[in-house]
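What follows is one structure encoded as structure tokens, with my remarks underneath.
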Amino acid sequence: MKTRAFYVILACLLGFSFLACGSGDQKAAIEQLEEQFRTLTQQPGVNPEEVKASMRELAEAYIAYAESQSEATKAGEFLYRAAELYETNMLDPQAAIGLLDRIIEDYPSHERAADALFKKGYVYHNILNDLPRAREAYMAFLEAYPDHDLVASAKFEIENLGVPADELLRRIQSADTSGGLAPESP
């Protein structure tokens, strides 16, 4: 119990001091928050609310760094990490979309820009079930990054927009035995 209280207090102190930090100090603070998060999630019986608070603080630190160091190489990476936390762990897909859009718009040549555009389609498709926006994001990805490693995945996602999971699984299993993705049954 004392360990949990220590991490909560540490998180608060790091959060309050984070915005006053310089670039190097911000990176150090992020590393501390990442370590705190790893340690917290490895403890048995940890309170889910503490984990969520730690994730939120880490995401906010990533965003604060990106905002204060917008020209830095790490800014795009930290925005992407924050988007992943919002998408997968904090279940706030709209916040994730907003962060992914920032990467796409503010850092179009960053190595994470292609991943951000693909993930935007993924979030719209698989989490928000917004098929028109998912298609739009995947098509934009294919147009912008025709040689990217995720092209086949984007095409697969487009071909299977709106297909229920059980039907998709059936198709994949059928493709394994036939050597390709099986056409839809009549």
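The set of residues in the stretch 48-91 that are farther than 22 Å from residue 122 by Cα and among the acidic types (Asp, Glu) comprises 49, 50, 57, 60, 67, 71. Which residues, counting only those in the stretch 64-95, are of a type in the set (A, V, I, L, M, F, W, C) and free of Cβ contacts under 8 Å to residues at least 40 places away in the same chain? Those that are of a type in the set (A, V, I, L, M, F, W, C) and free of Cβ contacts under 8 Å to residues at least 40 places away in the same chain: 66, 75, 79, 82, 83, 85, 90, 91, 95.
For the stretch 168-183, a residue qualifies if it is more than 16 Å from residue 153 (Cβ to Cβ), among the small types (Gly, Ala, Ser) and modelled with pLDDT of 75 or more, and exactly one does: 174.
Within the stretch 128-148, being crowded, with 17+ Cβ neighbours inside 10 Å and more than 25 Å from residue 66 (Cα to Cα) holds for 134, 135, 138, 142. At least 3 residues being under 20 Å from the mean Cα position of the chain (by Cα) is the threshold, and among the helices (runs of 4 or more DSSP H) wholly inside the stretch 72-186 those reaching it are 73-84, 93-106, 113-122, 131-144, 151-159.
The values are calculated or read from the model by the stated rules, or taken from the named source; none is laboratory data. The structure displayed is predicted, hence computed values, not measured ones. For neighbour counting, all protein chains shown are included, and Cβ atoms are generated from backbone atoms with ideal geometry for every residue, glycine included.
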